[in-house]
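The values are calculated or read from the model by the stated rules, or taken from the named source; none is laboratory data. Note that the structure is predicted; figures quoted are calculated from it, not measured. Positions of Cβ are generated from backbone atoms using ideal geometry, with glycine treated the same way; all protein chains shown enter the neighbour counts. Just the protein is used for accessible areas: all its heavy atoms, side chains included, with ligands, DNA and RNA removed. Shrake-Rupley method; radii C 1.70, N 1.55, O 1.52, S 1.80 Å.
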Amino acid sequence: MLTAAFSAAAVGISSPSGELTLNVDVDAQGRPFYSLDYKGTQVITPSLLGLTSDETDYTRGFSIASVDTVTVDRSWEPVWGEYATVRDHFKELAVNLAENPIAAGEDPAQASKQPGRTMTVRFRLFDDGLGFRYEFPVQPRNNYLTVRGENTEFNFTGDHTLYCIPGDYDTDEYLFSETTFSGLPDALNNYGRHTEAQRTGGTTIQTPMLLKTADATPLYISLHEAALAGYPAMLLDVDTEAKGMKAHLVPDRLGVSAYLQLPFATPWRTVIVSDDARDILASQLVLNLNEPCAIEDTSWIKPMKFVGVWWEMFTGNQKTWAYSDDYLAKPGVTDYTTLTPNGRHPANTENVKKYIDFASKHGIEGVLVEGWNEGWEDWASYRKNRQFLFDKPYPDFDVDELREYAKSKGVKLIMHHETAANAADYERQLDRAFQFMKDNNYDAVKTGYVGAIIPRSEHHTSQWMVDHARHVIERAADYQIMIDSHEAPRPTGLCRTYPNWLAQESARGGEFESMGGNPPSHTCILPFTRLKGGPMDYTPGLFETRMSYYNEGKTGQAGTTLARQLALYLTMPSPMQMACDLPENYERFPDAFQFIEDVPVDWSDSRYLEAEPNHYITVARRDKHSEDWYVGAITDDKARTALIDFSFLPKGEKFEATIYEDAPDADWKDNPQAYRIRTVKVDSKTKLKQPLAPGGGAAMRIVKK
Ligand code: NOJ
Ligand code: CA
């Protein structure tokens, strides 16, 4: 960790508003470092920069050769999202570093490992935070790097509160810890196996993560990265004594993090900062640091809601993705028509038609079907080839009949590609798989990567898989296919460049309600953390929350009231939004389901009204295609009164709000399905006290009268 002071040669800039200040310098060993202030308070104390590779050392021996500064103020229009227009306003400082002459006493073999080397650190300072990246121009000698790590540090001023999940190269499906630097080792010990922190005995965490200072007016600081491409994901090694963090690049199995050919620019390291928690939620900094849309004609990209043959397999009712249980008994069987159906396979023609009927009746655009194709038995078998065939439906899934049936009902089937992490094989099948989709009228696919990556036991977030994800999304765009990826490298705003990447899972989703449950606080922290990278396929809309309802033997319960599930459509915005429950459960509560029918998935404006990480979020959003507004409010496991100030409404206009709220005796634990629906007249002067039950929420549809 760095202990250096800025010299007279330091360079710096302020953000457009002047509230953020950045300083950059090199120390006596020629090591570049930076610091960040917000409203005159230090946010990041002097912190090192640089990158280490086998061939060239980019951490020391530099001096500042020149700087370039520019102010940029422009806007862009996302294909979908929380806002119709996004302002991209920043001051940029490019610090061009060049190799120092060898100092007296320095080992020349080390100091001039690559004579003449140069590196630019490009900083963009916005009013809501900082982004910076390393750029390596073509070098005089070596242009191939075997990257071992980064020196990038984020040093803080005190024992802040951290909201984070354990470091792990393969999964981010964890509950968040709320701890401090000093409490982190204990917090990480509470997670089971699988964590990198546990494997190394270290204190490694993942981004996106959030910090909160202990000041009277606390600062909220979000750390992540933007535009992750051609490079591994960044974890953070935490120094719990010094209160600092250092980049930890995900390595491959050989311990190498990245193989680069220069010129190359790394992803942006991002720091969003504010003394108002709502600003963290509203920030578009990560998207702003991504490249503009790479797809010329985006007319085929359509935000949607969907239902799916999915929750049936999670309820503990013994339903399976696989068609048969036979396979284990008959190794070598390849003709699936010879297998005995197990009778517990919901991805069958008749059942899928029921979902299509339901979707059609309620104006839901899509129907996802999981378990439709050959391969699930192979995955379960001892052979573990983990090979799925993406153009081979099971005998009881009639592709032709369903294609025509869905068409006749005005519904789109959504493809499912579980790869079981056999990414290499998926690449081999990709064109055939996408062509099969097009031939059968599918234009969206949910992909999945459960298990250890094939080949080479690569990690889910290493460079190879980051490249794989981009290859798949670009190829999908060629076929005009939209993607919702599960178990892929967590999002870093690439959906701006590839808006056909509608959603990702990349966090602990709603499915865990059947596997231990998600406490109400979980969805009060995800928007501050995971969602800073992009929308999540969280799968809201669970109306039947008690697992014993599905199966007497099964215990457990979702950490939510029914009304809160409706609010999640606002607090967890996504252009691809599931209504996850069984159609029969929606038929039991048709008046509540009306909200899911009505709620849009694309917005022209968003206003965060109240927010505190892990505790509550209240947000208002305006429909992209009408003048209607919607409000969602959620709380943790404590009852709360949300204060909703309707000044976001246009002045002088009358609106009517339909409020879906927890009944007075509702409670996520004992009375989750107690809700009420009422209507009230509202205008821009209305201030409403909206009660929320423990683990509860409220959802509102606000229509102009
Ligand atoms: C894990 C995914 O998150 C889940 O949504 C999916 O149903 C299963 N894998 C099976 O592919
Ligand atoms: Ca998953």
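Solvent-accessible area of residue 546, all protein chains in place: 90 Å² (probe radius 1.4 Å, heavy atoms, ligands and nucleic acids excluded). Within the chain, which is the longest segment that contains none of the GluC sites (Glu not before Pro) sitting in a DSSP loop with at most 13 other Cβ atoms within 10 Å? So the longest stretch without any such site is 297-551. Annotation for residue 63 and residue 6: the two label points, set 7 Å from Cα along the Cα-Cβ direction, are 2.1 nm apart. In plain terms, if you count all Cα to Cα distances in the range 479-626 and split them into 10 Å steps from zero, the share in each step is 11, 39, 37, 12, 1 percent.
The percentage of C-alpha pairs in the range 205-337 whose separation is greater than 25 Å is 59%. Counting 0.36 nm for each residue step from residue 143 to residue 259 and taking away their Cα separation leaves a gain of 40.7 nm. Taking all protein chains together and a 1.4 Å probe, the residues 321, 80 rank 321, 80 from largest to smallest accessible area. Given the C-alpha centroids of the range 612-655 and the range 492-549, what is the distance between them in whole angstrom? With the range 612-655 and the range 492-549 each reduced to a Cα centre, they are spaced 20 Å.
Computed from the Cβ-Cβ distance with R0 of 60 Å, the FRET efficiency linking residue 684 to residue 357 stands at 0.90. Listed by chain and number, the lysines whose alpha-carbon sits under 17 Å from that of residue 654, ignoring those within fewer than 8 places in the same chain, are 681, 685, 687, 704, 705. Solvent-accessible area assigned to carbon and sulfur over the chain amounts to 48 percent, based on a 1.4 Å probe. Checked against a 31 Å cut-off, the cross-linked pairs 392/532; 354/438; 446/624 give Cα-Cα distances beyond that limit for 392/532. Can you tell which of 283, 303, 316 lies farthest toward the positive end of the dipole of the range 274-365, using +1 and -1 charges on the Cβ of basic and acidic side chains (Lys, Arg; Asp, Glu)? With unit charges placed on the Cβ atoms, the residue in question is 316.
The simple Förster model, with R0 at 45 Å and r as the Cβ-Cβ distance, assigns residue 587 and residue 337 a FRET efficiency of 0.85. Between residue 103 and residue 628, the simple label model (points 7 Å from Cα in the Cβ direction) yields a spacing of 6.6 nm. Express in % the proportion of alpha carbon pairs of the range 19-147 at distances exceeding 22 Å. Roughly 46 percent, once rounded to a whole number. If you find the alpha carbon centre of the range 569-600 and of the range 78-101, how far apart are they in angstrom? So the two Cα centres are separated by 37 Å. The accessible area of residue 248, taken with all protein chains in place and a 1.4 Å probe, comes to roughly 30 Å². In this structure, residue 654 and residue 389 have a Cβ-Cβ separation that, at R0 = 60 Å, corresponds to a calculated FRET efficiency of about 0.55. Multiplying the residue separation of residue 435 and residue 478 by 0.36 nm and subtracting their alpha-carbon distance yields 14.4 nm.
The relative contact order of the range 41-119 comes to 30 percent, based on Cα pairs under 8 Å that sit 6 or more residues apart. Per the Kirkwood formula applied to alpha carbons, the range 547-602 shows a radius of gyration over Rh ratio, Rg over Rh, of 1.00. Across all directions, the average flat footprint of the convex hull enclosing the Cα atoms of the range 467-506 is 2.4 nm².
If the chain linking residue 14 and residue 612 were pulled fully straight, counting 0.36 nm for each residue of separation and taking away their Cα-Cα distance, it would gain 212.5 nm. With protein chains left intact and a 1.4 Å probe, residues in the chain average 36 Å² of accessible area per residue.
Approximating the spin labels as points 7 Å out from Cα along Cα→Cβ, the residue 71-to-residue 639 distance works out to 5.2 nm. Legend: P(r) of the chain from all alpha carbon pair distances, 10 Å bins from 0, whole percents, reading 3, 15, 25, 26, 18, 10, 4, 1, 0.
Against the chain, whose longest principal axis comes from its Cα atoms, helix 463-478 is set at around 50 degrees. How tilted is helix 423-439 with respect to the longest principal axis of the chain? Cα atoms for both, answer in degrees (0 to 90, nearest 10). Long axis of 423-439 versus the principal axis of the chain: about 50 degrees. In summary, the aspartates and glutamates within cross-link reach of residue 243, defined as a Cα separation below 17 angstrom excluding same-chain residues under 8 places away, comprise 37, 153, 159, 178, 186, 215. With contacts taken as Cα pairs under 8 Å and at least 6 residues apart, the range 453-588 reaches a relative contact order of 21 percent.
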